[in-house]
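The block underneath contains the structure these notes are about, expressed in structure tokens.
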Amino acid sequence: MEITQNGSRPVNDDRADNMTSNMQTVSPALEKYEKEVLLKQWSRPDLSARDRSIITVSALISKNQSAELPIEFRFALDNGVQPRELSEIITHLAFYAGWPSAMVASQIASVIFANRKISASDLPLASPELLPLDKEAEDMRAAHVQQQFGAVAPGVVQNTTDLLFRDLWLRPDLKPRDRSLVTVSALIAAGQVAQIPYHLNRAMDNGLTQPQAAEVLTHLAFYVGWPNIFSAMPVVKEVFEKRSK
Amino acid sequence: MEITQNGSRPVNDDRADNMTSNMQTVSPALEKYEKEVLLKQWSRPDLSARDRSIITVSALISKNQSAELPIEFRFALDNGVQPRELSEIITHLAFYAGWPSAMVASQIASVIFANRKISASDLPLASPELLPLDKEAEDMRAAHVQQQFGAVAPGVVQNTTDLLFRDLWLRPDLKPRDRSLVTVSALIAAGQVAQIPYHLNRAMDNGLTQPQAAEVLTHLAFYVGWPNIFSAMPVVKEVFEKRSK
Amino acid sequence: MEITQNGSRPVNDDRADNMTSNMQTVSPALEKYEKEVLLKQWSRPDLSARDRSIITVSALISKNQSAELPIEFRFALDNGVQPRELSEIITHLAFYAGWPSAMVASQIASVIFANRKISASDLPLASPELLPLDKEAEDMRAAHVQQQFGAVAPGVVQNTTDLLFRDLWLRPDLKPRDRSLVTVSALIAAGQVAQIPYHLNRAMDNGLTQPQAAEVLTHLAFYVGWPNIFSAMPVVKEVFEKRSK
């Protein structure tokens, strides 16, 4: 499955057949919007179809919306998201969306991986050699969080350092920029506005450009609903403005 | 199915039989509360059973709670929500709760529509003649959003104007007041407090009275949980107070 | 099923077999984290395995994540949560997470209760003798809410007093401290930060210590995701600081 000549997602797959039939019998308008608007979002500039698939599956996992996950997982693989990357996205979201969401995603992915003969050798190692740590930046982050919350919940602070920033974020099979894209998408999807500034700055430090970040919002509006996007925009605006100074 | 003489929702349908049995074996208290409290909410004053069905299905779709959707869709139709209105509610929430939630709702509704012989001629056209636009008010809204967020996410701002306020909101098969009721219910259900002021004002401009808006909160408390209501009340209060000046 | 010698949750049950297989074919890393990190959280100090089960099932019900509920319900019973307590947790969350979430939980629990021969005599009465009311504290709470929101949504204010604080909270089969634990867990899981101060104070008035409250955050991070915890920590910090004065 790939982006077709006219720039829309093809609709001739299992889910599309099925859902198109449902839409025809419930809302012909929805079918029209899907064909004429939603699917064309996928060929807008600034984000590749691969990026859009990363954003979409991250939002779905974050919101625990399993019904659309099979089609979006297959589409992600077709769009060039590697199995080892999809594996890491699910592992990453175990921590950023909660274990139960990752378990559901894992169950769905296992069926698709089996069908596509994706095997252990295509997957990340459980304990690979980690990416090098930017020790100065990480020490500053850790000190800041320790100062804020060390006396509130020392277990959280310790786990955040040991498990997230000195382990998970350094796993090599998902680039830091993509890991940030996963995180920011999950935050917007979950309405976790207060956590956006740190992670959007990190995403842009990791190479996400401002037009790309803006396009994340434009794309996600369709998948998580307009209200989440309008709640995110004020803090995104503030991040953009501070960085341009 | 209709509101019975004594003012409660009848419980003699499939879901009720099934759930009542579950409740008896898990929580007799829950069964008591359902009969003595929850179902009687449906005959409180200020909102019709039809309004309450619109509110309830909007909240369920918004929270992606599909298990109760079949019974609530059937109950909505029994309460006088027209098939074309239910179709529009699902289409509306594709934008306000995200496409995946609307897909799940569409799948469930397609079964119910088929069972009730609801056919294409009962549904809204994909591209009907739109309601007249209040150009002055819409230009003001668009200018305000452009000024706030035009430089942040131009794609979102453009889509908001073109797809939502100059298209979706003008579709004729759901009255603007009901469309507002759907939107406000979805916002409260999703905890999107920051978006309530604009849409509650719009709802009241579209004819929702203050006692009706208050009753939306009272009704929704049972379906989305008390915390969401207490988080919404301060902004609802502010809207009420500003409008009474 | 119980905490094993080495302090981790055992993984030799149905779900674990199944999910471990899924994890092996999708993310060996996830399997490693589950064994080496997640399951060991259950034997950290400050909260018993029973407390952790109460927290975990409350979070899952609150987020409507039904896929993991069967295993967590069984584990809760194995950890010493009594059937009557689990029944009350579900009833409590009907009000604090919304009726549909409680219905799903009730359906899942009914299967487990049947398998374990848990019968009506093991369950709370629908209308038991209530715990004594702390009338002075409750009158103060009611007056405060009436003053804030009595003119906004009188139905909500009335129901909050009559159904929640003069009925639900006084049901005897779940201790007030445990009921608070359920409520605080559900609030953090749902991202309802604004409601945390009142209920965390109530929890601590009901006997939850500060180290226990901190450990709730540490435990929940894995089950509801890090962002929810970081959004909750500033208000938790404020509660801790105000109480220590």
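The values are calculated or read from the model by the stated rules, or taken from the named source; none is laboratory data. Note that the coordinates shown come from a computational prediction; the quantities given were computed from them, not determined experimentally. As a convention, Cβ positions derive from the backbone with ideal geometry for all residues, glycine included, and neighbour counts pool all protein chains shown.
A compact table of results
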| quantity | calculated |
| --- | --- |
| Meets criteria (of a type outside the set (D, E, K, R), under 15 Å from the mean Cα position of the chain (by Cα) and over 20 Å from B:Gly225 (Cα atoms)) for C:Ala213 | yes |
| Which numbered condition B:Ser121 fails, given (1) among the small types (Gly, Ala, Ser); (2) out of contact with any helix residue (DSSP H, G or I) (no Cβ under 8 Å at 6 or more places or on another chain); (3) closer than 29 Å to A:Ile71 by Cα | (3) |
| Residue in segment A:220-237 that is surrounded by the most Cβ atoms within 10 Å (Cβ to Cβ), counting only those that are among the small types (Gly, Ala, Ser) and facing chain B (nearest Cβ under 7 Å) | A:Gly225 |
| A:Glu138, sole failed condition from (1) within 24 Å of B:Leu163 (Cβ to Cβ); (2) outside the structural domain of A:Leu47 (by TED's automatic domain parsing) | (1) |
| Of all residues making up segment C:133-147, the number that are outside any helix (DSSP H, G or I) and touching a residue at least 12 places away in the same chain (Cβ under 8 Å) | 1 |
| Within segment B:107-152, tally of residues that are touching a Ser or Thr at 6+ places or on another chain (Cβ under 9 Å) and of a type in the set (Gly, Ala, Ser) | 7 |
| Extreme residue, farthest from the other protein chains (Cβ to nearest Cβ), among residues of segment A:200-219 that are within 23 Å of A:Leu164 (Cβ to Cβ) and buried (at least 24 other Cβ atoms within 10 Å of the Cβ) | A:Ala203 |
| Every pair of residues 6+ apart whose Cβ atoms lie under 7 Å, when the first sits in segment A:218-245 and is at pLDDT below 95 while the second is among the small types (Gly, Ala, Ser) | none |
| Residue in segment B:17-27 that is over 15 Å from B:Phe222 (Cβ atoms), modelled with pLDDT under 95, assigned to a helix (DSSP H, G or I) and more than 11 Å from chain C (Cβ to nearest Cβ) present | yes |
| Answer from B:Thr183, B:Thr218, B:Thr160, B:Thr209 - the residue that is under 25 Å from B:Glu34 (Cβ atoms) and not aliphatic (A, V, I, L, M) | B:Thr218 |
| All positions within segment A:119-129 that are within 8 Å of chain C (Cβ to nearest Cβ) and at pLDDT 95 or above | A:Leu123, A:Pro124, A:Leu125, A:Ala126, A:Ser127 |
| Of residues in segment B:143-155 being surrounded by 15 or more Cβ atoms within 10 Å (Cβ to Cβ) and under 18 Å from A:Pro227 (Cβ atoms), the one nearest to the chain's Cα centre (by Cα) | B:Val145 |
| Of all residues in segment C:42-101 being hydroxyl-bearing (Ser, Thr, Tyr), crowded, with 24+ Cβ neighbours inside 10 Å and within 10 Å of chain B (Cβ to nearest Cβ), the one that is nearest to the chain's Cα centre (by Cα) | C:Ser62 |
| Checking C:Ile196 against (1) within 11 Å of chain A (Cβ to nearest Cβ); (2) out of contact with any His (no Cβ under 9 Å at 6 or more places or on another chain), the condition it does not meet | (1) |
